[in-house]
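In what follows, a single structure is set out as C-alpha cells and then discussed.
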Amino acid sequence: MIAYKRDEIISASDVARGFSNILSSITNHTKDKFAISKNNKLEAVILDIEEYERLQMVYDSFEENQIKQILEQRSKEDLEVSHSKTISINI
C-alpha cells in the first residue's frame, strides 16, 4: 500500500472547488500526487502526465515479460510432450 502525506489527500468536493490550483500544483511539481477521497475512502490519484506515462510503460514492459515467460513455458511443455510421444517402429 502506498503512503500519502496528509497534505496529499483531498476530498472530491475540494477537487471540484479547487481543480485549477490542484492541477497547477501537479504541473509545477510542488506536489507529486494527490489522493482523492470520497466518503473517507481513497478513490483516485492525480499524477503528472509524465509520471503516469512512465508508470504505464513499466507496467506494459512487465506485462510483456509475463507473456513471454508463459509462451516460453508452454513451448518447453510442448517439446516435452512431443518427445514423449515419439513412436519407434521395428521393421
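The values are calculated or read from the model by the stated rules, or taken from the named source; none is laboratory data. This one's a predicted model, so the numbers in the text were calculated from it and none came from an experiment. Note that each Cβ is placed from the backbone with ideal geometry, even for glycine, and that neighbours are counted across all protein chains shown.
Odds and ends about this structure:
- Residues in the stretch 14-30 that are surrounded by 11 or more Cβ atoms within 10 Å (Cβ to Cβ), out of contact with any Ser or Thr (no Cβ under 9 Å at 6 or more places or on another chain) and of a type in the set (Gly, Ala, Ser) were compared, and the one that is farthest from residue 45 (Cα to Cα) is 18.
- Filter pass, residue 3 being of a type in the set (Gly, Ala, Ser) and within 14 Å of the chain's Cα centre (by Cα): no
- Criterion applied to 33, 38 was being touching a Ser or Thr at 6+ places or on another chain (Cβ under 9 Å), basic (Lys, Arg) and at pLDDT 95 or above, and the one residue passing it is 38.
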